[in-house]
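Colleague: Below is one structure. I have some questions about it.
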Amino acid sequence: MFYPKFIYENLPYAYFMVCAYLLAFYDSWAVFFSAGLFYCAGCVTLVTRSSFRRIDRFKDNPGHKNAIPEFLYEYLPYIYVAVAMSLVLKATLPALHFVAFCLMIFALRNLLLRKNNRRKPKSLF
């Protein structure tokens, strides 16, 4: 089953928007659970696409060692965002809001660097 490119490329972001809508307007454990499922579906979709579209496959390099497992490395920015959003929604202390802001900045930095590093370099020809 094939979807048009516009729908296919934006589907994970639609999952994130549904998650944000649920978290913003409802307050029950069932809604938090379903918002978490939408968030996980968006994360899995983006990480899977990224792994299939990678140009810098370090799996071919046997000398490459990671400090953390690859699975955790791929999902770490999304975990940062989830923790930051839960801090923003549930915490009342300004210090925790600052920690949430720092986590969001760090996650955005990691995602932007990851996207930049996984792109094919410009060639002269």
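The values are calculated or read from the model by the stated rules, or taken from the named source; none is laboratory data. Note that the coordinates shown come from a computational prediction; the quantities given were computed from them, not determined experimentally. Note that each Cβ is placed from the backbone with ideal geometry, even for glycine, and that neighbours are counted across all protein chains shown.
Colleague: If a residue has to be in a helix (DSSP H, G or I), surrounded by fewer than 17 Cβ atoms within 10 Å (Cβ to Cβ) and of a type in the set (Val, Ile, Thr) to count, how many in region 68-92 make the cut?
Modeller: Looking only at that region, the number is 3.
Colleague: Same structure again: Among the residues of region 93-114, what is the count of those that are surrounded by 13 or more Cβ atoms within 10 Å (Cβ to Cβ) and modelled with pLDDT of 90 or more?
Modeller: First, pick out the residues of region 93-114 that are surrounded by 13 or more Cβ atoms within 10 Å (Cβ to Cβ): 96-97, 99-101, 103-104, 106-108, 110-111, 114.
Okay, now just the ones that are also modelled with pLDDT of 90 or more, so 96-97, 99-101, 103-104, 106-108.
Residues that pass the stated criteria total 10.
Colleague: Right, another one. Regarding region 29-36, can at least one residue be identified that is without any contact (Cβ under 8 Å) to a residue 12 or more places away in the chain and either outside any helix (DSSP H, G or I) or of a type in the set (Gly, Ala, Ser) (or both)? Break it down into steps so the answer makes sense when it comes.
Modeller: Residues of region 29-36 without any contact (Cβ under 8 Å) to a residue 12 or more places away in the chain: 29-33.
Next, only the ones that are either outside any helix (DSSP H, G or I) or of a type in the set (Gly, Ala, Ser) (or both) stay: 30.
For region 29-36, residues without any contact (Cβ under 8 Å) to a residue 12 or more places away in the chain and either outside any helix (DSSP H, G or I) or of a type in the set (Gly, Ala, Ser) (or both): present.
Colleague: Out of everything in region 1-41 that is hydroxyl-bearing (Ser, Thr, Tyr) and under 18 Å from the mean Cα position of the chain (by Cα), what residue ends up being farthest from Glu74 (Cα to Cα)?
Modeller: In the first step, residues of region 1-41 are kept if they are hydroxyl-bearing (Ser, Thr, Tyr); the result is 3, 8, 13, 15, 21, 26, 28, 34, 39.
Right, trim to under 18 Å from the mean Cα position of the chain (by Cα) and you get 8, 13, 15, 21, 34, 39.
Numbers: Tyr8: 21, Tyr13: 17, Tyr15: 18, Tyr21: 25, Ser34: 22, Tyr39: 15 Å.
By that ranking, first place goes to Tyr21.
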